[in-house]
Structure formats: C-alpha cells, structure tokens
C-alpha cells in the first residue's frame, strides 16, 4: 500500500511525514517502511560531516506508523472515533542501537499491546538492514479535534 494510502490515514505531510508505505496490517500489528533519501533538510545540520537521521525522528516514524494502524483498525471496529485524532500520551523504554544514514530504508513494526476505552499501548521497533535501530513503547490517546 503506497504513500497515498498513508496520507489518507493520517494528517501528516511533508516535510514531517515519516512513513512511505504500508507493508502489512493485521489485527495486532502493522509494518511500514520509510526511505531517507538524503534530501531531507535535517541532514544539513545533523550532522553536516556525517549525516544521521535523528533518533527522535525514528520515534516519530514509529508513532506515525501507530497512527496508521489505529486508523486501519477503526475502519473495521464497531466503535468509531469520528471527530477524534490520535495524540501521543506517553513514550517509555526508548533505545537506539544502529545509526540510520541518507539512502537507508527503515522498516517500522508496531505491535498493539493493550487497548482501553480511548487509549492504545503499543511497542515499536525500527530496523535498518535487518538490525534494530530504535525501539520504544508508547501510548496513544484518541482526543476530540477542536480549534481551541
């Protein structure tokens, strides 16, 4: 499933969209991919002589993947969250193991660990070349969209 389907699922857009394609979705997990081309603006300053994808952006890719998962899950769920959007409530157990460089493609796997009325606990893993680059646990809550 391509980038258009990703953009139909979540409100993120360039330059802050960190999911290129959906590889697989099940009831319990989602797998997505993102290729960092080297043209992204953050590489100019992080770090100019040895460009790296910032770890916080690897976390953001996992969070966006989780948002895509929730949108897909809501499409088939009895209970809908119309008028609501996913917002990160908590991140824990964040670990970084491998660097991600320009030209690398990461695979992001998010697993649903628990679900409450309007909150979802997930675990995300970002891999590059088959090795773990980052992992984290996070909670997403569905909140009302307001203009306040």
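Since every read-out is calculated from the coordinates, none of them should be taken as a lab result. Computed from a predicted structure; not experimentally measured. Ideal geometry is used to build each Cβ from the backbone, glycine not excepted, and the neighbour counts take in all protein chains shown.
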Practice task
Residues in segment 23-66, backbone N under 17 Å from the label point at residue 101 (7 Å along the Cα-to-beta-carbon vector): list them, ranges by number please.
Solution key: 35-40, 43-55
Practice task
Starting from the Cα-Cα distance between residue 20 and residue 33, subtract it from 0.36 nm times their residue separation and give me the gain in nm to one decimal.
Solution key: 4.1 nm
Practice task
Would you mind calculating the gained length between residue 5 and residue 90 on full extension (0.36 nm times residue separation, minus the Cα-Cα distance), in nm to one decimal?
Solution key: 28.0 nm
Practice task
Just need the Rg to Rh number for segment 1-74, please, alpha carbons only, Kirkwood Rh.
Solution key: 1.01
Completion exercise
Expressed in µm² per second, the diffusion coefficient of segment 3-144 from the Stokes-Einstein equation, with Rh the Kirkwood radius over alpha carbon pairs, at 10 °C and 1.306 mPa s, is 104 µm²/s
Practice task
Find how much the distance from residue 145 to residue 118 grows on full extension, using 0.36 nm per residue of separation minus their present alpha carbon separation; answer in nm with one decimal.
Solution key: 8.3 nm
Practice task
Evaluate 2.2 N^0.38 Å with N set to the residue count of segment 86-148, then give the Cα radius of gyration divided by it.
Solution key: 1.34
Practice task
Treating the angle as unsigned and between 0 and 90°, give the value, to the nearest 10°, between the Cα long axis of helix 55-76 and the longest Cα principal axis of the chain.
Solution key: 30 degrees
Completion exercise
Fewest to most Cβ atoms within 10 Å: 32, 59 sort as 59, 32
